[in-house]
Structure formats: C-alpha cells, structure tokens
Amino acid sequence: MMISPTLPAELKAALDGKLQGFSRSDAARRSQKISTTYRAGGTSGTIKSDADALAYALARMPATYAAVAASLNALTEIAPDLAPETLLDVGAGPGTASWAAAEAFPSLQDFTLLDANATLSRLALELAHGSSRLAECRYLPGDAGGNLAEVSQADLVIASYIIGELSEADQRKLTEAMWARARHALVVIEPGTPAGYARILALRQQLIAAGAFVTAPCPHERPCPLIAPDWCHFSQRLPRSQAHRQIKGAEVPFEDERFIYVALTRTPPASRAARVLAPPDIGKAEIAAKLCTEAGVAPANVPRRDKAAYAEARRWRWGDAVMSES
C-alpha cells in the first residue's frame, strides 16, 4: 500500500491546534533564521524555545514527511512482506518519520524516538498525544550516537536528515550503531544534494561491507555507476497549506522536496527493480528514460509503435521502480 506524501489528518489537526494564537510572521522569522543556520552547517541545537520548535515543524515537517513517505513506499514496493512491529526513529526531531512509518506499516505497535533536543522532543510528544497510533510512543533524550548502544533492537530503524549534522568519523560510528540496532531494516534519508548523496554513498558502502543488502533505490550492491557531476537524488511534490505558504514566504501552492535515501535489509530482496533516475522525456516518437539497472545505468527508449510498452512507460515517474527489470 502506497502512502500519501501529505501529512496525516491527525498530525495536521495537531499542528493546526498549535497554531491557535501563534503569530505567522513570528513563525516565518524564526523559520528563516533556523533555515539559514542549517544551510551554514548548523544543527538543531539552535532550536531552543517552544516557538522555535513549532516554527521549525510548520516549515519543515511537510517536506520531511513527504521524503520519508516516498522512501518507505519504495521499500515496501520491493519488500512487500516486511511487517515491522517495532520502530526506532533516530534523530527524531518533532517525530516526522515516526508518523510516516505508522502510515506505511499498520503492523507497527511500538515506537521509540531518540533525539538530543528537549524542545523538539516535547513538541513531538504533544503532537502525538491524541494519535491513535503514536500516543504511547517513547521519546529518549540524549545524543543519538552515544545513546544508541543503550537502546533495544527494533525491527525497523529510520534516520531522516540527521547524519549530515555529524563529522565523518561520527557518521561512521552512528551508521554502525544504527545497523546493530536494526533487526530487519534500516532506512536513511538525506537532502538531495551532492553532499547528501556522498553521505548516503559512504553509509551504503560501509553497510554492504557489513553484510547489508540494498533494497531501494539501487537494484544492486555494486558501486554507484553515476559519474560526477551527476548524482543520485529524487523529488517528491507536496501541497502547501495556507499556513505553510505564509511561513515559507511562498506563493506557489506546492513544494518539491529533493532527497536521497537508501533502504537496507538483512535478507536479500526476492526480486530486483530498475530505478528511474530522472524525469522521462516524453516525445512524439518515443519515451526516453534513464534507468539504474543491475548492469549499471542504461537508457530506455520505448517507441510509440509498441503501444503496450509505451502506455506503461508513460506512467513512469522520477524515482519509480521498473519491476520488469530483474
């Protein structure tokens, strides 16, 4: 079952409730300051007040949720039998990834969130309070790297937009610790920039060496076949609410979140799928697409005269799995 990139109704209602009496202009100012800090290489440590946390959630939760939802959709498409009962959300922030996981996996019964920012953790618990799935979640304080050793294993571990806050040495330590805690699967999501791609590549290589199998987006465990300046990333479109537009200072009613992810499992996927690496070019005579296959990057040219194949290729979107490749 594919889940929507839009915030679940319960989460949206909880955020809307928080907005009562909250100045949109103040939220926009705080959000801009936090975004500037992040772009300069800062961390969530700049989020110190409840108002900061809410401004951050209003500005970033929709896009982060959309990226996590797309990543989990890719995982469940290739591993449809995965039915985790326990989740560990590393660097959970306001709990965005946990909400997406609850939507993607009805089997989840136990949610553990881990983050060092007490203000974001407080907001996460408040947002989850009225949830039918997350009301009983546990939020553990402290540094993700240091505290992971004390956390129980979980069927599924997710880390979204967190490893970029660490040094390379700490990234490797966190990667090792997260994999040790992942009983069945680990999903890591980062911004869809060349730097985010490089971090995912390093994590991917480290865990393949430790025995992990890549379930998505790659159809293989070999080195990434893309050659610089090209880099692997994907895009998820999501609608913007009125409050979201006000806080972002945007007029366009939608946002495109660029992200990169890797989903790793302890058992190999039953089948492999090629991955659409860019928006297909739909021409009058044919559809041309760039696919990542088990054999490497390959062009796919589907002529209009092949009506069935052409109709299928017209449905391809950037980031899709092409299951006919195996």
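Structure notes:
- Amide H contacts for Ser160 (H built 1.01 Å from N in the peptide plane; partners 5 or more residues away or on another chain; cut-off under 5 Å): Val90, Ile189.
- Solvent exposure of segment 140-299, expressed per residue, is 46 Å² of accessible area, with all protein chains present and a 1.4 angstrom probe.
- Antiparallel bridge percentage (DSSP; both residues within the chain; nearest 5): 60 percent
- When only the Cβ of Lys, Arg, Asp and Glu is charged (+1, +1, -1, -1), the dipole of the chain relative to its Cα centre reaches about 840 debye.
- DSSP-assigned coil residues among trypsin sites (Lys or Arg not before Pro) in segment 248-289, each with at most 15 further Cβ atoms within 10 Å: Arg266, Lys284
- Largest GNM mean-square fluctuation across Val297, Val252, Val151, computed for the chain with C-alpha springs under 10 Å, falls on Val252.
- Among Leu166, Leu54, Leu156, the largest mean-square fluctuation in a Gaussian network model of the chain (Cα springs under 10 Å) belongs to Leu166.
- Degrees between helix 194-209 axis and first principal axis of the chain (Cα, 0 to 90, nearest 10): 80 degrees
- The chain: most fluctuating residue of Val302, Val276, Val188 per GNM, C-alpha cutoff 10 Å: Val302
- Rounded if a/c under 1.5, otherwise prolate or oblate - segment 87-186, Cα gyration tensor axes: oblate
- Folded to 0 to 90 degrees: helix 24-39 orientation relative to the chain principal axis, Cα: 60 degrees
- A Cβ-based charge dipole, computed about the Cα centre of segment 63-197 with Lys and Arg at +1 and Asp and Glu at -1, lands at about 80 debye.
- Relative contact order %, the chain, counting alpha carbon pairs below 8 Å whose residues are six or more apart: 17 percent
- Length-normalised contact order for segment 145-300 - Cα pairs under 8 Å, 6+ apart - percent: 23 percent
- Rounded if a/c under 1.5, otherwise prolate or oblate - segment 199-326, Cα gyration tensor axes: oblate
- What a 1.4 Å probe finds exposed on the chain is 52% carbon and sulfur by accessible area, rounded to a whole percent.
- With Cα atoms, 0 to 90° folded angle of helix 50-78 axis to the chain main axis: 30 degrees
The values are calculated or read from the model by the stated rules, or taken from the named source; none is laboratory data. Just so you know, these numbers come straight off a predicted model, no measurement behind them. When we count neighbours, we look across all protein chains shown, and the Cβ atoms used for this are built from the backbone with ideal geometry, even at glycine. Surface accessibility is based on the protein's heavy atoms, side chains included, excluding ligands, DNA and RNA. Shrake-Rupley method; radii C 1.70, N 1.55, O 1.52, S 1.80 Å.
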